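Colleague: Here you go, one structure.
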Amino acid sequence: MAGHSKFKNIMYRKGAQDTKRAKIFARVSREIMVAVGAGGNTDPNKNPRLRAALALARSHNMPKDNIKKAIDKALGGDTGDHMEEVVYEGYGPGGTAIIVETLTDNRNRTASEVRTPFTKLGGNLGETGSVSYLFDHLGFVTYPKDQMSFDAAFEFGADHSADDVLDEDTHIRLVTPIETFATLRDAFMEHFGDPTDQGLVWLPKVTVDVPADKQEQFNKLIAKLEDLDDVQEIYSNANDTDE
């Protein structure tokens, strides 16, 4: 299994400013809507992506009413059926590479909203593939240690094409190529129960330092992108300079 020591720091790069419950609930709601649309089924036992989304909702203590509204919206054909995942790529201040994952019901609106902070803050929104080659696209599944041991995770992961198993304080995180992510996630859910988190992540192959005179501009760009309702996750190859 290959090592991914960068995983933990990159995964939580945007966590500091993403603590508002309403923002988190909105994002989980979109994931539920997409899961319903993609799986075509509201039975979590027959729709693994929905089951994982519901587990994520529970881990954030999302009220049942919010979950029901997201499912009803997806079934209603008003917005949920048309929610789609769109990934934007671009360069930020100091030549940093940035990937922005969104869930949207209006591509034109989201593209315009994402492009604006890039343009105003020294960046440049690029075409598909313009920076993604600088990252590894991987899947992950996270379990608390009281739900599984590292040895059990390692052994089971090795049998299901896991790329790495990481010991992270109170949790075990499995990393896998995206081609085998759904298979590994479903197998672990069947054997160990629901994870506390799961999904896909972009990990930079090589990180870069943001020049001191560009750091404030870079931070503002990330903050503006984080504030956009359609933005789900943001990844960058910039070294984390937070204390």
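Nothing in this text is a laboratory measurement; each read-out follows from the coordinates by a stated rule. A quick note: this is a predicted structure, and the numbers were derived from the prediction, not measured. Reconstructed Cβ throughout: ideal geometry from the backbone, glycine too, with neighbour counts over all protein chains shown.
Colleague: Please grab the % of Cα pairs in the range 65-130 that end up more than 15 Å from each other.
Modeller: 59 percent
Colleague: Please identify every one of the GluC sites (Glu not before Pro) in the range 56-158 that sits in a loop by DSSP and has no more than 14 other beta carbons within 10 Å of its own beta carbon.
Modeller: For GluC sites (Glu not before Pro) across the range 56-158 that sit outside H, G, I, E and B with at most 14 neighbouring Cβ atoms in 10 Å, the list reads Glu127.
Colleague: Could you check the spin-label model distance between Ala152 and Asn106? Points 7 Å from the Cα along Cα→Cβ, value in nm.
Modeller: 4.8 nm
Colleague: How far is it, in nm, from the label point at Asp65 to the one at Glu84 when both lie 7 Å from their Cα along the line to the Cβ?
Modeller: 3.4 nm
Colleague: Sticking with this structure for a sec: At R0 = 22 Å, how high is the FRET efficiency between Ala223 and Thr119 if r is their beta carbon distance? Nearest 0.05 is fine.
Modeller: For R0 = 22 Å, the calculated efficiency reads 0.90.
Colleague: Label points 7 Å out from Cα along the Cβ direction at Asn239 and Asp209: separation in nm?
Modeller: Going from the Asn239 label point to the Asp209 one covers 0.5 nm.
Colleague: Residues with amide H under 5 Å of Gly199's amide H, sequence separation 5 or more or different chain, H placed in the peptide plane at 1.01 Å from N; which?
Modeller: When sequence neighbours closer than 5 places are left aside, the close amide H contacts are Phe140.
Colleague: Oh, and also: Full extension from Leu200 to Asn41: what is 0.36 nm times the residue separation minus their Cα-Cα distance, to one decimal in nm?
Modeller: 55.1 nm
Colleague: Now for a different question. Ranked from highest to lowest mean number of other Cβ atoms within 10 Å per residue, what is the order of the peptides 51-58, 158-165?
Modeller: For the peptides 51-58, 158-165, the packing ranking is 51-58, 158-165.
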